[in-house]
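The values are calculated or read from the model by the stated rules, or taken from the named source; none is laboratory data. Note that this is a predicted model, so its numbers are computed, not measured. Note that we place each Cβ from the backbone using ideal geometry, even for glycine, and neighbour counts take in every protein chain shown. Accessible surface areas use protein heavy atoms only, side chains included; no ligands, DNA or RNA. Shrake-Rupley method; radii C 1.70, N 1.55, O 1.52, S 1.80 Å.
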Amino acid sequence: MKEQPLKTDLVGDKTLKTDEKIEFFGQVDELSAVIMEFIHYLDDRKKEMELRKIVNILSVMMAETAGAKTHVGKLHLDELNELICYYKE
């Protein structure tokens, strides 16, 4: 008997565990965890709020990718890009 490929639940559907969405979720989840861990060491409230905003946008991106009725628009992406550029320097 042939083994069935492993699947996982997404909003309203199932997808293969090898689907690129699953890799995306894992990478974004790890990034979010690292950012949240970093926040614990900050004394700067403004930077903390900016980093929390990044995590929030990443969460909405994951939800949208999973099929939830959320949307990351151009404004979100512009804001995310601006914050990333700021912290990259």
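Tabulated values for the structure
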| read-out | value |
| --- | --- |
| Relative contact order (percent, whole number), the chain, Cα cutoff 8 Å, 6+ residue spacing | 24 percent |
| Options (1) 2, 13, 18, 21, 17, 11, 8, 5, 2, 1, 1, 0; (2) 3, 10, 10, 11, 10, 7, 6, 6, 6, 5, 5, 5, 4, 4, 3, 2, 2, 1, 0, 0; (3) 3, 14, 25, 25, 18, 10, 4, 1, 0 - which one matches P(r) over Cα pairs in 5 Å bins from 0, in percent as calculated here | (1) |
| Nearest-0.05 FRET efficiency for MET36 and GLU79, computed from C-beta distance (R0 30 Å) | 0.95 |
| Carbon plus sulfur fraction of accessible area for the chain, probe 1.4 Å, in percent | 56 percent |
| Karplus-derived HN-Hα couplings along the range 61-76 (A = 6.51, B = -1.76, C = 1.60, θ = phi - 60°), whole Hz, x at Gly and Pro | 4, 5, 4, 4, 4, 6, x, 5, 8, 10, 8, 9, x, 4, 4, 4 |
| All lysines inside 20 Å of LYS21 as judged from Cα atoms, apart from same-chain residues fewer than 8 positions distant | LYS7, LYS69 |
| Rounded to the nearest 20 debye, dipole of the chain from Cβ charges on Lys, Arg, Asp, Glu | 280 debye |
| Residue-normalised accessible area of the chain, expressed per residue, 1.4 Å probe, Å² | 80 Å² |
| Amide H contacts of LYS7 (H built 1.01 Å from N, under 5 Å, at least 5 apart or other chain) | LYS17 |
| Among ILE22, LEU75, THR8 the positive-end extreme of the charge dipole of the chain (Cβ point charges) | THR8 |
| Residue-wise HN-Hα coupling along the range 41-51, computed from phi with Karplus coefficients 6.51, -1.76, 1.60 (Hz; x: Gly, Pro) | 9, 8, 10, 9, 4, 5, 5, 4, 5, 5, 5 |
